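Data block below; observations after.
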Amino acid sequence: MKLSELKFELPDELIAQHPTEKRDQSRLMVLDRKAETIEKKVFSDIVDYLKKDDCLVINETRVFPARLKATKDKTDAQVEIFLLRELEDRLWEVLVKPARKVRVGNRLSITKDVYCDVIDNTVSGGRVVRFVYEGNFFDIVEKVGQSPLPPYIKRDPDDLDKERYQTVYAKVRGAVAAPTAGLHFTNKILEKISKKGVKIAPVVLHLGLGSFRPVIVEDLGRHKMDSEYYEITAESANIINDSIKKRGDVFAVGTSSVRVLESVVTTEGFVKPLKGWTDKFIYPPYDFKVVDHMITNFHLPCSTLIMLASAFAGRDFLFRAYAEAVNEKWRFFSYGDVMLIL
């Protein structure tokens, strides 16, 4: 498939800038791939689509406040540091803005006692910095950092984002982007799902900025995904495999959960416990080996996320649904509405 086949017109006003008042009151579009039908629901109706022996796979990654405000020594220029990933103790790959002001050798001060030295440039236009601080780095970041809202949300983070740009089941700190399909779930909905005899299997994939990095090659086979850290425990693998053996369906919450499952599938069609780094890039055509149904938000044109959704739903069917969503002014991306693909 070519990049140009995944373009569509998306008015800026449809990119949600704020979350809905209640998590589970986003609109839900249900796509039945076999019948090629489209239904319009509310997210709280999701419970109706799961049954006993099914399995719901969720991504338990926790977003940390990765945006830091800093001052460049000597010039006092204001700089933003966006933490991407820790390379080793105190050594981080980051993005800086404005990049033209930050060079190797510069010192950037976050507080009186916390600063970093720029020691290298990265291939992707970022920087490698070495932090100097006392105590626990993540505790410091939790105090001084801001929520890492994606670049298409054109406002500063506020206190509400600390709660709402995080799933209710977020546990394992390490992501700089939220697994947004999971933002719609409430504890009450998860309880209702469990009471139906549905098992919930947590996995982890720490989303990085690769989710937002634009694809610039027409031939999708030439695009390279950023590597992201993932984990699936033996307990979760057993839950998923037991559901498969009982002929239950596997529901994956979000493209990140799909990528984990498709990264650890065996030749027999089961999953194995594993942890490491994955650069799994899923685009049409693709034969999904574990996932039966997917819950996913409405994505931006030409993003790797819409490529995965197109591979799962079928490009033409998905784009018919997207056309309806645009025409009916549904909300797109992180704080937007949601889709269930059966």
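The values are calculated or read from the model by the stated rules, or taken from the named source; none is laboratory data. Given the structure is predicted, the values throughout are model-derived calculations rather than measurements. Note: ideal-geometry Cβ built from the backbone for every residue, glycine included; neighbour counts use all protein chains shown.
Here are the numbers:
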read-out	value
Tally, over the range 165-187, of residues that are touching a residue at least 24 places away in the same chain (Cβ under 8 Å) and within 24 Å of residue 42 (Cα to Cα)	15
Residue count, the range 198-245 (criterion: among the charged types (D, E, K, R), without any contact (Cβ under 8 Å) to a residue 40 or more places away in the chain and under 23 Å from residue 52 (Cβ atoms))	2
Residue ID - surrounded by the most Cβ atoms within 10 Å (Cβ to Cβ), chosen from residues in the range 28-74 that are part of a loop (DSSP other than H, G, I, E, B) and touching a helix residue (DSSP H, G or I) at 6+ places or on another chain (Cβ under 8 Å)	66
Residue in the range 253-277 that is farthest from residue 201 (Cα to Cα), counting only those that are hydroxyl-bearing (Ser, Thr, Tyr) and more than 14 Å from the chain's Cα centre (by Cα)	267
Residue check for residue 95: closer than 30 Å to residue 234 by Cα and in a strand (DSSP E or B)	no
So residue 268, is it in the same structural domain as residue 295 (by TED's automatic domain parsing) and without any contact (Cβ under 8 Å) to a residue 40 or more places away in the chain	yes
Some residue of the range 73-87 being within 23 Å of residue 204 (Cβ to Cβ) and in contact with a Ser or Thr (Cβ under 6 Å, 6 or more places away or on another chain)	no
Of all residues making up the range 93-108, the number that are crowded, with 20+ Cβ neighbours inside 10 Å and of a type outside the set (S, T, N, Q)	5
Sole residue being more than 23 Å from residue 300 (Cα to Cα) and hydroxyl-bearing (Ser, Thr, Tyr), chosen from 165, 133	133
Residues that are β-branched (Val, Ile, Thr) and either outside the structural domain of residue 131 (by TED's automatic domain parsing) or more than 30 Å from the chain's Cα centre (by Cα) (or both), drawn from the range 91-110	104
Residues satisfying the stated conditions in the range 143-163, i.e. of a type in the set (D, E, K, R) and crowded, with 19+ Cβ neighbours inside 10 Å	161
Identity of the residue in the range 145-179, β-branched (Val, Ile, Thr), in the same structural domain as residue 56 (by TED's automatic domain parsing) and out of contact with any Gly (no Cβ under 7 Å at 6 or more places or on another chain), that ends up farthest from residue 84 (Cα to Cα)	168
Residue count for the range 222-240, restricted to those that are under 26 Å from residue 151 (Cβ atoms) and not aromatic (Phe, Trp, Tyr)	7
Residue within the range 80-89 that is farther than 26 Å from residue 334 by Cβ and not in a strand (DSSP E or B) present	yes
The range 303-332 residues that are assigned by TED's automatic domain parsing to the domain that holds residue 36, paired with ones that are among the hydroxyl-bearing types (Ser, Thr, Tyr) and in a loop (DSSP other than H, G, I, E, B) (beta carbon under 6 Å, 6 or more apart)	307/283; 311/283; 311/286
